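Take a look at the structure set out below.
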Amino acid sequence: MDYEAFFTAELEGLKREGRYRIFAELERHRGDFPHATRYTERGTQEVTVWCSNDYLGMGQHPKVLAAMHEAIDRCGAGAGGTRNISGTTHDHVLLERELADLHGKEAALLFTSGYVSNWATLSTLASRLPRCVVFSDAGNHASMIEGIRHSRAECHIFRHNDPEDLDRKLRSVDPSRPKLVAFESVYSMDGDIAPIAEILDVCEAHGAMSYIDEVHAVGLYGPRGGGVAEREGLMHRITVIEGTLGKAFGLMGGYIAASAALCDFVRSFASGFIFTTALPPVIAAGALASIRHLKQSEGERQAHRDRVAKVRARLKAIGIPMLDNPSHIIPVMVGDPKHTKMISDWLLENHGIYIQPINYPTVPRGTERLRITPSPVHSDEDIDRLVGALSEIWSRCALARVPAAA
């Protein structure tokens, strides 16, 4: 087989469909997020980032940077290996305690990313619980899907955010079998929010464990940033809360929070934890500072809500089509991969506005979009430029606009 020819042909197929991903080479400016420098073959360009998952700009927060400088001076750069061998540090222990407290759980367990925490935890629980049956929301993230697949457990997909369909599917399974229901709080592409209480009612009625992915909610929702479940007073009813350090907390890494026995079980059996080099102490220290700050500071969350509402209102006023949702995510709908990429490229080249196109397989074909994520540090001037540029390209391309509500 001509392997190189195969690779090239597959890549060419992506390019023909308009789905080939080109990474923008960016350098963020310390203390000046969301502004960055873009590097191209023609030189550099100053840009404003509108699609970062650093939702609150905590990756630039002085407390976070100070904690990381202190940690690297104190500990050095790396963790030294897996935590089983040489990588457990005092910073890991402090961070896990802080995360357990954030979610009102007995314990927490750190992973190298949110993807790994989902994959490792779901695959371990579903594979080792005898005869376990998993019930997975149809909109779940790839990391959850892959973890469930890897477990080889029996799996039923219930309709997205549909507790009644979940109840029907749970009723079809032998009541004596262990059951695990996996879903998210905020779904990152459409920005919709799960009916958590109703799903938990169904789980409890059938004796099922509940597993919620709060990666797009931690830091942003709840009085201390514990997520949508904290905001709604439901954390105590959830078996496993999974989150990330790589979005609103501004660093990297993933975690679960649950009972001490469950966390110890995953720690002891999950290959994705056991055989992976631990997060560097400097990352753990920065995340600890970020979480502690957001536990007691409402200012970032309030400013974030203000910016989201302003961007949404301004785009609605000029008829830019968006998915309506109750979260902080603003999906601007285009519906064609080539058009979406063209708009993204045009915004970057002509206005220094960086919004990465979102195409299949991240979203279904025909729902291609620009995913806008305002932050507290986007200025009124930034918003003016964004709205003006989107209005201009919508007119240039004669794209359909949504009539303003009467």
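The values are calculated or read from the model by the stated rules, or taken from the named source; none is laboratory data. From a predicted model like this one, the values you see are computed outputs, not experimental measurements. Note that we place each Cβ from the backbone using ideal geometry, even for glycine, and neighbour counts take in every protein chain shown. Just so you know, the surface numbers come from the protein's heavy atoms only, side chains and all, with ligands and any DNA or RNA stripped out. Shrake-Rupley method; radii C 1.70, N 1.55, O 1.52, S 1.80 Å.
Points worth noting:
- Of all residues in region 203-214, those that are of a type in the set (Asp, Glu) have Cβ atoms under 8 Å from Cβ atoms of residues that are open to solvent by 50 Å² or more (accessible area, probe 1.4 Å), 6 or more apart or on another chain, in Glu204/Arg237; Asp213/His141.
- Close contacts from region 224-243, counting a first residue that is within 17 Å of Glu198 (Cα to Cα) and touching a residue at least 40 places away in the same chain (Cβ under 8 Å) and a second that is in a helix (DSSP H, G or I) and hydroxyl-bearing (Ser, Thr, Tyr), with Cβ to Cβ under 7 Å and a gap of 6+ residues or different chains, come to Val240/Thr121.
- Residues that are farther than 14 Å from Ala303 by Cβ and surrounded by fewer than 19 Cβ atoms within 10 Å (Cβ to Cβ) within region 368-388 comprise Glu381, Asp384, Arg385, Val387, Gly388, listed in sequence order.
- Of Asp91, Asp54, Asp2, all but one fail to be open to solvent by 30 Å² or more (accessible area, probe 1.4 Å) and among the acidic types (Asp, Glu); the exception is Asp2.
- Members of region 315-349 that are in contact with a helix residue (DSSP H, G or I) (Cβ under 9 Å, 6 or more places away or on another chain) and surrounded by 18 or more Cβ atoms within 10 Å (Cβ to Cβ): Leu315, Ile320, Met322, Ser327, His328, Ile329, Ile330, Val332, Val334, Pro337, Ile343, Leu347
- Of all residues in region 121-138, those satisfying the criterion of being surrounded by 18 or more Cβ atoms within 10 Å (Cβ to Cβ) and either farther than 21 Å from Phe275 by Cβ or not polar (S, T, N, Q) (or both) are Leu122, Leu125, Ala126, Leu129, Cys132, Val133, Val134, Phe135, Ser136, Asp137.
- Test set (1) assigned to a loop (DSSP other than H, G, I, E, B); (2) surrounded by fewer than 24 Cβ atoms within 10 Å (Cβ to Cβ) - Ala248 fails condition number: (2)
- All conditions but one from (1) open to solvent by less than 10 Å² (accessible area, probe 1.4 Å); (2) in a helix (DSSP H, G or I); (3) out of contact with any strand residue (DSSP E or B) (no Cβ under 9 Å at 6 or more places or on another chain) apply to His236; the one that does not is (1).
- Total residues in region 232-276, condition among the β-branched types (Val, Ile, Thr), over 22 Å from Phe183 (Cβ atoms) and in contact with a Ser or Thr (Cβ under 6 Å, 6 or more places away or on another chain): 1
- A residue that is surrounded by fewer than 20 Cβ atoms within 10 Å (Cβ to Cβ) and closer than 30 Å to His293 by Cα occurs nowhere in region 201-209.
- Qualifying residue in region 34-43 (condition: β-branched (Val, Ile, Thr) and closer than 18 Å to Leu347 by Cα): yes
- A residue that is under 15 Å from Leu245 (Cβ atoms), of a type in the set (D, E, K, R), open to solvent by 50 Å² or more (accessible area, probe 1.4 Å) and in contact with a strand residue (DSSP E or B) (Cβ under 8 Å, 6 or more places away or on another chain) occurs nowhere in region 101-120.
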